[in-house]
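Down below is the structure, laid out as structure tokens.
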Amino acid sequence: MTIMPIVVTGATGQLGRLTVEALLRRGIPAADIIATGRDIANIKDLADRGIMVRRADFADTDGLAEAFAGAERLLLISASVPVGERVANHRRVIDAAASAGVSLVAYTSTTHADTATTVIGATHGETEAYLRDRGIPSVLLRNGWYLENYTSQLPQILQNGAVVGAAGEGRISAASRADYAEAAAVVLTAEGHTGAVYELGGDESFTLTELAAAISAAAGKQVTYADLPVADFAQVLAAAGLPAELAEVLADADRGMNRGEMCTDSGDLRRLIGRPPVTLAEALAAALHH
């Protein structure tokens, strides 16, 4: 049974690149990996290592068909484009994958996408439904929040002495990008995952109050959690320089966290990667000593 080649969309992004690395670590030959992205100048180094690099713009139907030609399996990493364009982009990718005769599509969704009330959750739910309707064999990787969403903010958090959010005491099951990438590589290279829905997240969930306490302990500096109404949090994010739409989407994600939509105790990530995922404490220690 051959599963080659494997397409990774969004290989120009962080999760996509990590997935390509994970596939190589799992013994997939470089020549059997097709790395795609909009700006392939960013992945010239992958081409230098023998990986097939093809341009794929989610808005360009013909280009997608060419990019996926000959592929056996495909990882659709959800697009980071404006939220309003996401589902249409994902549908074009799924249609192109179907036309290319791909035998499995793995899709990076979000925790509880079937019941999520967030703007982001809705785009994932619609994409999952479209995959089902098209009848393509698929596996849903419902990725939780990234630990990097917090560790990348450490300089600002330590400067302000505060984690700011709108998640109340909602619990968050976050994991590292590398661990989510590892899980994607597993389902793309092993048998028996078709039709599965995996709720992925770290083994230990935390509230933002607990996040602040963990940062305090790791950095030796008092950090507290400032909980804001959703609209106020969106204003804070916009004032910090985020585009207004992104600020609203992120504040809305915190509203979902408050409702428990980013929490899972499935253990799916640990089982898929065959080890405990990186913990919050480990991620903080690594980021602070970076």
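Points to keep in mind about this one:
- Acute angle (nearest 10 degrees) that the helix 177-189 long axis makes with the longest principal axis of the chain, alpha-carbon atoms: 30 degrees
- Spin-label proximity, residue 224 to segment 134-173 - amide N less than 13 Å from point 7 Å beyond Cα toward beta carbon: 161-164
- Charge-dipole axis of segment 204-290 as Lys and Arg at +1 and Asp and Glu at -1 on Cβ define it, positive-most pick from 256, 273, 236: 273
- Positive-end ranking of 13, 214, 159 along the dipole of the chain, with charges on Cβ about the Cα centre, is headed by 13.
- Whole-percent carbon and sulfur share, accessible surface of segment 200-273, 1.4 Å: 53 percent
- Probe 1.4 Å, accessible area per residue of the chain, Å²: 43 Å²
- Free of any trypsin sites (Lys or Arg not before Pro) that DSSP assigns to a loop and that have at most 15 other C-beta atoms within 10 Å, the longest stretch within the chain is 50-220.
- Of all the options 64, 246, 272, the one that moves most in a Gaussian network model of the chain with Cα springs shorter than 10 angstrom is 246.
- Candidate values [x] 59, 21, 13; [y] 38, 19, 17; [z] 32, 20, 18, label of the one derived for semi-axes √(5λ) of the Cα gyration tensor in Å: [z]
- Here the dipole of segment 67-161 is about 80 debye; that uses its Cα centre as origin and unit charges on the Cβ of Lys and Arg (positive) and Asp and Glu (negative).
- Each of the GluC sites (Glu not before Pro) that DSSP puts in a loop and that has at most 13 other Cβ atoms within 10 Å breaks the chain; the longest unbroken stretch is 1-168.
- Remark: the chain carries a charge dipole of roughly 540 debye about the Cα centre, counting +1 on each Lys and Arg Cβ and -1 on each Asp and Glu Cβ.
- DSSP-defined beta bridges in the chain - what % are antiparallel, rounded to 5: 5 percent
- Estimated from helical segments only, the mean residue ellipticity of the chain at 222 nm is -13500 deg cm²/dmol, where each DSSP H run of four or more residues counts as -39500 (n - 2.57).
- Surface composition of segment 4-142: carbon plus sulfur atoms contribute 49% of the solvent-accessible area (1.4 Å probe, protein chains only, all chains present).
- Calculated FRET efficiency for the pair residue 286/residue 133, C-beta based, R₀ 35 Å, to 0.05: 0.25
The values are calculated or read from the model by the stated rules, or taken from the named source; none is laboratory data. Note that the structure is predicted; figures quoted are calculated from it, not measured. Heads up, the Cβs are rebuilt from the backbone with ideal geometry, glycines too, and the neighbour counts pull from every protein chain shown. Accessible surface is based on the protein model in full, side chains and every heavy atom, while ligands, DNA and RNA are left aside. Shrake-Rupley method; radii C 1.70, N 1.55, O 1.52, S 1.80 Å.
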